[in-house]
1. Which Cα, out of Val96, Gly125, Leu48, lies furthest along the positive dipole direction of segment 41-136 (beta carbon charges, K/R +1, D/E -1)?
2. Mean residue ellipticity at 222 nm from the helices of the chain, using -39,500 (n - 2.57) per DSSP H segment of n ≥ 4 over the full residue count, to the nearest 500 deg cm²/dmol?
3. Can you work out the Karplus-derived ³J(HN,Hα) for every residue in segment 290-303? Use 6.51 cos²θ - 1.76 cosθ + 1.60 with θ = phi - 60°, whole Hz, and x for glycine or proline.
4. Using +1 on the beta carbon of Lys and Arg, -1 on that of Asp and Glu, and nothing else charged, what's the dipole of the chain about the Cα centre, debye to 20?
5. Provide Cys180, Cys446 ordered by accessible surface of protein heavy atoms (probe 1.4 Å), highest first.
6. Taking all protein chains in place and a 1.4 Å probe, what share, in percent, of the accessible surface of segment 427-469 do carbon and sulfur account for?
7. So with the 1.4 Å probe, I'd like the accessible area per residue for the chain, rounded to whole Å².
8. When only C-alpha pairs under 8 Å and at least 6 residues apart count, what is the relative contact order of segment 471-566, in percent?
Amino acid sequence: MPRIVRVAVPVPLPRLFDYSLDPGLSMPATGCRVRVPFAGRERVGVVLASDDHSEIAPDQLKPVSLILDRQPLLTEEVIATLEWASRYYQHAIGEVFEAALPALLRSSRQVPQAGVAGIALTVDGRTALADPALRRGTRICTLLELLGDGPLADVDLDQRLPGWRSSARTLRERGWSEECRLPGLNVRDEPVAAPALNAEQQAAVSSVAERAGEFAPFLLDGVTGSGKTEVYLAAIADVIRSGKQALVLVPEIALTPQTTRRFRQRLGFDIAILHSGLSERERATAWLAAARGEARVVLGTRSAIFVPLPNPGLIIVDEEHDASYKQQDGFRYHARDLAVLRARALKVPLMLGSATPSLESLANVEAGRYSLLRLSRRAGVARPPSLQIMDIRRKRLDQGLAISSLNAIAECIARGEQVLVFRNRRGYAPVLFCHACGWSAQCERCDRPLTLHLGAARLRCHHCAAEAAIPKACPECSSPALAPQGQGTERIEEVLRQRFPNVSIVRVDRDSTRSRAGRDAIFEDLEVEGPRILVGTQMLAKGHDLPNLTLVVVTGVDQGLYSVDFRAGERLGQLIVQVAGRAGRAERPGAVILQTHHPDHPLLLALIAGGYPALAGSLLAERRAAGLPPFAQFALLRAESRSPSDSSAFLQEALKCAQPLAPGVSIHGPLPAPMPRRAGFQRSQLLIESLTRAAVQAFLPGWIEQLRGLKSARRVRWSIDVDPVEMG
Ligand code: ADP
Ligand code: ZN
Ligand code: ZN
């Protein structure tokens, strides 16, 4: 009797594939990985079902090449979640399973050993340490001394000696150290006692504890600095005490060093960390520690939502409004929304936390689906920062900074405190412009200006990978009068260095934190509490707790005030409030200066008058009146092609296929995308709209099946985005 397994193979086809099992091989359980031949290549897939019969003719049926797991790698619940997500987001099942696994486990390489990676001294290393001729006080010596007390885990070293990796390389090259495996994840920083929770925090923790063991979604709406993280930590401590696991999602890698340390210090338990800044091996090790139940706390970015939790107790999504929870290409899932699904399936409480909750979550509170937990005051002695609009019309500016802003910065530094200058634009200048003829450097593939990066001495497109050398003269008129126009963080850093030559200035953006070493150095630097100016993009808007930061200057918000995206107002409000929230988080009061040419804009007025709640309330009312999400369901069909006619032909045909329209569903377009050309492709889209999720979900599968059959589909790249967060 043939034995058949149905496998999710990582290919863009919306189905499973049957494979036979050679005699002698035992049947792999659902959730085990197998290696199978597919289109002339070997692929790693996940077994989702078994059968004794296949539709495929026996001579066509290929055998499984190798069974990679003896025990299922994925739990039934994760499998069900992924199957649901594949249907809901209309994405090929094999690719959905691929996205859920760390890269190392998508290959047929060995699953990492139990335990964690670490380093130990060799005999030569011990000799070197004992040698009186060894130069003391160097980083290398510090690392030697640390290891002299015994081997240390990499994760432990991350905490104790930032930037240790380059010293470790030197040690290894000299034969003084070697890699090793250490048991468990039991690393712990010097423990730090928790502050006594205030009444609101205590109430929030109790509300969650009371619902242990059942699905109970909460929105933790707490102003910046109100102690949300303390609430998470206390709730997690409860979960650990009951022997269960907690999954904590954070938006971005920029958040993790400080958050990680705080979690380790406070919980002192096995914490698995998952983010894209780790090596493949580190990720796989952490993932497995969680999936095996060894790690009690899983702290990770978006894709950590797929980690199996054999012993679940709580799910937390910090900064739940953050757009980075939505995957923007390939399998376009929303990690926050999947967190709700998983919490329900696992029967655990869910805490969505933010100082600036998404309108989606606020609507869920209004509708009675989520319980609201509120932290209305800053924790400890910290007071809310004062927000001040600075009208910069007709004011003299030095590279975008008003003279009065510069004066405020000088005063703050003189008091020995720290300043954050926010500019959500990296690079030196957004445009390189010819003063003689008006030419400007453009990305030919995107029809957008190239950003000038002086540090890297390149022109770079922020929308595609295009790069160019900086021309010495104008390519149109040969004039040498080329001038950078506008300011990015690099240029603001430059002007601040000229103005404040003796002040330490740190720039935090995607360029300065690209390398692991650069990132380590910057975060190490941020720990120092002396006077300093930070210049940064939204990377600095989130999560960092800088107790000595008392002034925030926000520049460049004006573009955001007049965007076509219906979410722009919500985003800008969140960004301003989050950036502002970095100020005055400890004893000293904070001030926020918002530079604008539009001091009377309703969004800014609402923020000043009533803070984020007032703004969110009015935006939500607008959305309801206009029938926009969360009061409507959207999906986008995007198409791009080299020639404009191909994508519009495809979308026209797609529109025709949809007729007669399913009840409750309407389609708008084809419309050019907000960015009509990118990386040489013409882009347009159809917007599918409905009042109910059920109607869109009933409509999409049959329609997409038809689209796959269209001839015109072969000449375009197309994709479906369910619940799009970016409208372009
Ligand atoms: P949030 O996550 O809401 O921004 P945090 O949890 O980071 O806030 O807390 C902000 C600051 O207030 C931190 O330095 C934290 O240690 C401190 N803090 C939080 N709760 C308390 C409390 N109950 N008593 C004293 N300090 C607190
Ligand atoms: Zn010119
Ligand atoms: Zn480009």
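1. Farthest towards the positive end: Gly125.
2. Working: 21 runs with 237 residues, N = 728.
Value at 222 nm, helices only: -10000 deg cm²/dmol.
3. Taking θ as phi minus 60°, the curve returns 6, 5, 8, x, 6, 7, 8, 10, 10, 10, x, 8, 2, 6 Hz for segment 290-303.
4. On the way: 89 positive and 77 negative charges, 193 e Å.
Using only the charged Cβ atoms, the result is roughly 920 debye.
5. Values: Cys180 35, Cys446 5 Å².
So the residues, ranked largest to smallest area, are Cys180, Cys446.
6. Working: 1020 of 1980 Å².
Of the solvent-accessible surface of segment 427-469, carbon and sulfur hold 51 percent.
7. Details: 31290 Å² over 728 residues.
Heavy-atom SASA per residue in the chain reads 43 Å².
8. Numbers: 64 pairs, mean separation 22.0, N = 96.
Over segment 471-566, the number comes to 23 percent.
The values are calculated or read from the model by the stated rules, or taken from the named source; none is laboratory data. Just so we're clear, the structure is a prediction, and the values are computed from it rather than from any experiment. Quick reminder, even Gly has a Cβ in these numbers, built from the backbone with ideal geometry, and neighbours come from all protein chains shown. With ligands, DNA and RNA removed, areas are computed over all heavy atoms of the protein, side chains included. Shrake-Rupley method; radii C 1.70, N 1.55, O 1.52, S 1.80 Å.
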